[in-house]
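Some notes on the structure that comes next.
Computed from the coordinates by the stated procedures, all read-outs in this text should not be read as laboratory data. From a predicted model like this one, the values you see are computed outputs, not experimental measurements. Don't worry about glycine lacking a Cβ; one is built from the backbone with ideal geometry, like all the others, and counts go over all protein chains shown.
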Amino acid sequence: MKRRKLQDKSGESLVEIMVGAFLFLMMTALLQGAITFCSNAQRRSEQVREKNAQICREVREAAYMGGAVQTYAFRATDGAVSGSGVLFQIDAQLGKKEVSYTDETGASQSVIFYLFGSTVPAGGDP
């Protein structure tokens, strides 16, 4: 009678298990890095939005410092850029608002916003 050698080929070898574990750990590390990056970006975005809201509040509350009135003329031109006269002109006052705020390092910062103001009184005709 012939004896058969039974070789069991089912299951994984130690090398296959280690390669699988290594790949799993690499994917986990990539996922953890992506989550950390997104969390930091969201936190920074919230800080920027808060600072922007603070500056917007300060601009609304800041005193308007009016400057000189200037006339701005709007002209029509053709393709050869030869002026064909003034279409209309407006008088505008160039003013500014200065806003002070504290940045994320705790240092005091100042920003000037230049604004065009109307020379027409509120509710009046031009």
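Quick notes on this structure:
- For Leu115, the residues whose amide H sits under 5 Å from its own are Gly95, Lys96, Lys97, ignoring neighbours fewer than 5 places away on the same chain, with H placed 1.01 Å from N.
- Dipole of segment 13-61, positive direction: furthest Cα of Gln42, Val59, Gly20, with charges on the beta-carbon: Val59
- Basic side chains Lys and Arg get +1 at the Cβ, acidic Asp and Glu get -1 at the Cβ, and with that the dipole of segment 13-61 about its Cα centre reaches some 260 debye.
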